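Q: A single structure is presented below for examination.
Each value in this text was obtained by applying a stated rule to the coordinates, not by laboratory testing. Predicted model, so just to flag it, every value in this text is computed and none were measured. We place every Cβ from the backbone using ideal geometry, glycine too, and count neighbours over all the protein chains shown.
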């Protein structure tokens with residue numbers, strides 16, 4: 001489906017951008033994963049958000065979401081996997097789905113954790129970030145799911161249902177994993193193989209497999225959109241929150257310190273405003 005603006009991330013920065021764009025009568029979709037993976041949801045008490053002292057993180061996030069819903073902001077649940085630019089439009093892959101937009105606001109927060117050894121080298125040769133996209137390639141074969149998001153057990157279950165032989169690796173055993181899927185505790189992960197994946201090493205234990213699904217809560221912006229300029233490891237933006245690629249804006253934690261809600265909301269407002277202006281100028 002086509003929208004004026006696609007917002008990647010459903011936290012304070014993303015929802016602020018979406019509300020601002022809707023105030024300018026733009027169609028907006030917010031693409032984000034499970035709210036439980038976000039840092040605000042896990043925060044018991046927030047003391048420094050103006051006018052709402054001592055509010056619980058989940059309550060504040062719910063207020064933000066209700067505001068966006070009341071403005072007509074649409075939402076797609078899932079991880080944005082990549083963004084392609086073609087003929088003046090952006091195409092965002094969301095699992096096996098696709099959304100189109102005239103402008104993009106990046107607000108995915110901070111992708112926590114570096115790539116595992118062997119991960120980047122085997123991308124497309126056994127490493128995948130999406131079970132519903134690539135699962136059928138491994139039907140009847142051994143796969144490892146490295147679970148680092150709340151949705152990972154559901155995706156592991158899906159892989160089992162389509163006929164993959166699944167092993168689930170994570171720091172702790174998750175809830176909701178189907179019976180018959182073995183769990184292996186693992187923090188230190190390494191992807192093995194020369195040209196293609198042949199296995200995974202989890203805390204020193206080797207698990208043979210043809211494919212590994214690494215399911216994190218967030219993907220780094222530069223993995224989403226190659227060619228995006230960085231500054232000190234964060235997305236480089238100007239005062240209009242415009243990134244280095246025309247039509248792309250960014251807000252919140254992904255643009256750098258301080259990692260605070262007030263900053264995220266303010267930057268989201270600017271990004272949503274400027275994205276709407278960008279579309280008006282490029283009609």
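Q: I want to verify a result. In a Gaussian network model of the chain, Cα cutoff 10 Å, which of these has the top mean-square fluctuation: 221, 39, 53?
A: 53
Q: Most mobile of 114, 235, 184 per a Gaussian network model of the chain (Cα springs, under 10 Å)?
A: Checking each option, the largest mean-square fluctuation is seen for 114.
Q: With label points built 7 Å along Cα→Cβ from the Cα atoms of residue 229 and residue 283, find their separation and express it in nm.
A: Going from the residue 229 label point to the residue 283 one covers 3.0 nm.
Q: Another question, then. Under 1.5 on a/c is rounded, so check that first for region 34-189, then, if it is not, pick prolate when a/b is larger than b/c and oblate when it is not; a ≥ b ≥ c are the square roots of the alpha carbon gyration tensor eigenvalues.
A: oblate
Q: Assuming a ≥ b ≥ c are the square roots of the Cα gyration tensor eigenvalues, decide whether region 44-120 counts as rounded (a/c under 1.5), prolate (otherwise, with a/b larger than b/c) or oblate. It would help to have the intermediate numbers written out before the result.
A: Details: a/c = 2.70, a/b = 1.44, b/c = 1.88.
In terms of gyration-tensor shape, oblate.
Q: If I model a spin label as a point 7 Å beyond the Cα along the Cα-Cβ vector, how far apart are those points for residue 185 and residue 259 in nm?
A: 2.6 nm
Q: Where the eigenvalues come from the Cα gyration tensor of region 119-212, what are the semi-axes √(5λ) of the equivalent ellipsoid, largest first, in whole Å?
A: 18, 16, 11
Q: Here is a further query. What number results when the radius of gyration of the chain, computed over Cα atoms, is divided by 2.2 N^0.38 Å?
A: 1.03
Q: Same structure, new question: Label residue 97 and residue 236 with points 7 Å out from Cα along Cα→Cβ: what is the distance between them in nm?
A: 3.4 nm
Q: Arrange the peptides 267-274, 12-19 so that the one whose residues have, on average, the most other Cβ atoms within 10 Å appears first.
A: In descending order of packing, they fall as 12-19, 267-274.
Q: Which of the peptides 140-153, 159-172 is most tightly packed, and how do the rest follow, judged by the mean count of other Cβ atoms within 10 Å per residue? Provide the component values of the computation, followed by the final result.
A: Details: 140-153: 21.1, 159-172: 19.0.
Answer by packing, highest mean first, reads 140-153, 159-172.
Q: Quick check on packing: order 75-81, 188-194 by the mean number of other C-beta atoms within 10 Å, highest mean leading.
A: Result, highest mean first: 75-81, 188-194.
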